[in-house]
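Novice: Pasting a structure below so you can have a look.
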Amino acid sequence: MEVVITGTGTPMYQPGRAGPGVLVRYQRSAVQIDAGRATTLRMAEADFDLADLEAVLITHHHSDHLVGLADLLFTRWLEDLGRVGRPSLPVIAPEGPAADLVRHLLDPWEAEYRQRAQMQQRPDDPTPDVRPFAPTERPVTVWEGDHLRVEAVAVHHEPIEPAVAYRVTAPGGNAVVVSGDTRVCDEVERLATGADLLVHEAFAARAITPGLLSDPAALAEYHADTVELGAMAARSSVPMLVLTHLIPPPSVPEQRMVFVDDVRAGGYGGEIVIADDLHRWVSD
């Protein structure tokens, strides 16, 4: 099992940080969780063949997690010219605004892709196979591919609803949990128990300098406090915690250490990774 962080950014753009996304691979099977800005480029830099992509999973409908999805769908379709007739790419999303957005994502590009299809005499198009599901506080299986199985659970990103976390499990039991955007919550703690690593968003309140954010208190209401995250990761006994979607985005080592120190203050003793784009983890 291999996990590649395709993007660690937030809505605030920063050099070197693409929009949120995680690629999970096992042999020639792979799923992508979220597709923020520049996701397709990061996948290329990870030496990933889009032909191996079995599904995309969306955590919620915020634009920073989705603006790269149209590019991903189009690029996969264009590169499939020699494999005309491949089924549409499944996109799994919680029913509601996220699934609705994906259903209409390529509407503005319909004239172009129909013209391209006619020019290339191909019967298919890049529109996705949207597969909505109803999230609950208990894990539900939302995808089973050739090798990978994915479960989802509702998380707490209110007032943004629904929002979910995913657990991807490979043959042999290796598993990764990706939080999406959420406060620290029991649902992710239960989902992460027994997993090999937890990829979780992180909000370090004491790293915020005056004027950096317009309303830090509002953000703190629906993002994961780093100290609380450390306590939750300790309770789940997950051996590795990968921090992404970092608020505020660190640009110097001292800022990165704030995240580490806060997680340690929460009681977590496992391995901590302050993720950069293309951070890679491979199971033993």
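The values are calculated or read from the model by the stated rules, or taken from the named source; none is laboratory data. Keep in mind the model is a prediction, meaning the values are calculated, not measured. Note that each Cβ is placed from the backbone with ideal geometry, even for glycine, and that neighbours are counted across all protein chains shown. Accessible surface is based on the protein model in full, side chains and every heavy atom, while ligands, DNA and RNA are left aside. Shrake-Rupley method; radii C 1.70, N 1.55, O 1.52, S 1.80 Å.
Novice: Where the only charges are on Cβ atoms (+1 Lys, Arg; -1 Asp, Glu), what is the dipole of segment 148-269 about its Cα centre, to the nearest 20 debye?
Specialist: Result for segment 148-269 is approximately 380 debye, rounded to the nearest 20.
Novice: Oh, and also: How much solvent-accessible surface does residue 160 expose, in Å² to the nearest 10, with a 1.4 Å probe and all protein chains in place?
Specialist: 30 Å²
Novice: Same structure, new question: In whole Å and largest first, what semi-axes does the C-alpha gyration tensor of segment 147-284 yield when each eigenvalue is scaled by 5 and square-rooted?
Specialist: Details: eigenvalues 118, 60, 34 Å².
The three semi-axes for segment 147-284 are 24, 17, 13 Å.
Novice: Taking springs between alpha-carbon atoms closer than 10 angstrom, which of 20, 253, 126 fluctuates most in the Gaussian network model of the chain?
Specialist: 253
Novice: For segment 1-157, what is Rg from Cα atoms divided by 2.2 N^0.38 Å, rounded to two decimals?
Specialist: Numbers: Rg = 15.3 Å, N = 157, 2.2 N^0.38 = 15.0 Å.
Output field value: 1.02.
Novice: Still on this structure, I have one more. What figure, in Å² to the nearest 10, do you get for the accessible area of residue 6 with a 1.4 Å probe and non-protein molecules left out?
Specialist: 0 Å²
Novice: In Å and whole numbers, how far do the C-alpha atoms of segment 63-140 stretch along each principal axis, longest first?
Specialist: Reported extents, whole Å, longest axis first: 47, 22, 16.
Novice: Calculate the all-directions average of the projected area of segment 108-194's alpha-carbon convex hull, and give it in nm².
Specialist: Numbers: hull surface 32.6 nm².
Hull-based average projected area comes out at 8.1 nm².
Novice: Still on this model: Percent antiparallel among DSSP beta bridges with both residues in the chain, to the nearest 5? Mind dumping the intermediate values first?
Specialist: Working: 28 of 53 bridges.
In the chain, DSSP labels about 55 percent of beta bridges as antiparallel.
Novice: Right, next: So if each residue of separation counts as 0.36 nm, and I subtract the Cα-Cα distance between residue 28 and residue 12, what length gain in nm does that give?
Specialist: Numbers: separation 16, 0.36 × 16 = 5.76 nm, distance 3.37 nm.
Taking 0.36 nm per residue and subtracting the Cα distance, the gain is 2.4 nm.
Novice: Sort 12, 257, 232 from largest to smallest accessible area, using a 1.4 Å probe on the heavy atoms of the protein chains. It would help to have the intermediate numbers written out before the result.
Specialist: Details: 12 70, 257 95, 232 0 Å².
Most to least solvent-accessible, the answer reads 257, 12, 232.
Novice: Quick check: the angle from helix 253-265's long axis to the longest principal axis of the chain, C-alpha only, nearest 10 degrees?
Specialist: Between helix and principal axis, roughly 70 degrees.
Novice: Shape verdict for segment 216-255, please, from the Cα gyration tensor: rounded (a/c under 1.5), prolate (a/b greater than b/c) or oblate.
Specialist: Values: a/c = 2.58, a/b = 1.28, b/c = 2.01.
Because a/c hits 1.5 or more and a/b fails to exceed b/c, segment 216-255 counts as oblate.
Novice: Roughly how many nanometres apart are two label points built 7 Å out from the Cα toward the Cβ at residue 67 and residue 193?
Specialist: In this crude label model, residue 67 to residue 193 measures out at 3.9 nm.
Novice: What is the sum of charges, Lys and Arg at +1 and Asp and Glu at -1, for the other residues whose Cβ falls under 12 Å from the Cβ of residue 65?
Specialist: The answer is -3.
Novice: Can you give the angle from 0 to 90° between the axis of helix 226-236 and the longest principal axis of the chain, with both taken from C-alpha atoms, to the nearest 10?
Specialist: Here the helix axis deviates by roughly 80 degrees.
Novice: Taking segment 59-142, which GluC sites (Glu not before Pro) meet the DSSP loop condition and have no more than 14 other C-beta atoms within 10 Å?
Specialist: Passing sites in segment 59-142 are 95, 137.
Novice: While we're looking at this one, here's another question. On a full-extension model of 0.36 nm per residue, what is the gain between residue 45 and residue 276, subtracting their alpha-carbon distance, rounded to one decimal in nm? The partial results should precede the final answer.
Specialist: Values: separation 231, 0.36 × 231 = 83.16 nm, distance 1.34 nm.
Full extension from residue 45 to residue 276 adds 81.8 nm.
Novice: Mind checking the alpha-carbon convex hull of segment 10-72 and giving the volume per residue in Å³? It would help to have the intermediate numbers written out before the result.
Specialist: Working: hull volume 4.7 nm³, N = 63.
Given the Cα convex hull of segment 10-72, per-residue volume reads 75 Å³.
Novice: At 0.36 nm per residue, and after removing the present C-alpha to C-alpha distance, how many nm does the segment from residue 254 to residue 120 gain when stretched out fully? Don't jump to the answer; show the numbers that get you there.
Specialist: Working: separation 134, 0.36 × 134 = 48.24 nm, distance 5.33 nm.
That works out to 42.9 nm of additional length.
Novice: At q = 0.08, 0.11, 0.13, 0.16 Å⁻¹, what log₁₀ I(q)/I(0) does the chain have when each alpha carbon counts as one equal point scatterer in the Debye sum?
Specialist: Debye curve over Cα of the chain, log10 I(q)/I(0) at q = 0.08, 0.11, 0.13, 0.16 Å⁻¹: -0.31, -0.59, -0.83, -1.24.
Novice: Determine how large the accessible area of residue 190 is when every protein chain is in place; take a 1.4 Å probe and give Å² rounded to the nearest 10.
Specialist: Estimated to the nearest 10 Å², residue 190 gives 110 Å².
Novice: To continue, here is another question. Using only the alpha-carbon atoms, how far is helix 69-79 inclined from the longest principal axis of the chain? Give it as 0 to 90 degrees, nearest 10.
Specialist: Roughly 40 degrees between the two axes.
Novice: Another one. At a 10 angstrom cut-off on C-beta neighbours, averaged per residue, how do the peptides 99-106, 178-185, 47-54 rank from highest to lowest?
Specialist: So the order, starting with the most tightly packed, is 178-185, 99-106, 47-54.
Novice: Further question: How big is the gap, in Å, between the Cα center of segment 221-269 and the Cα center of segment 107-126?
Specialist: Each part reduced to its Cα centre gives a spacing of 45 Å.
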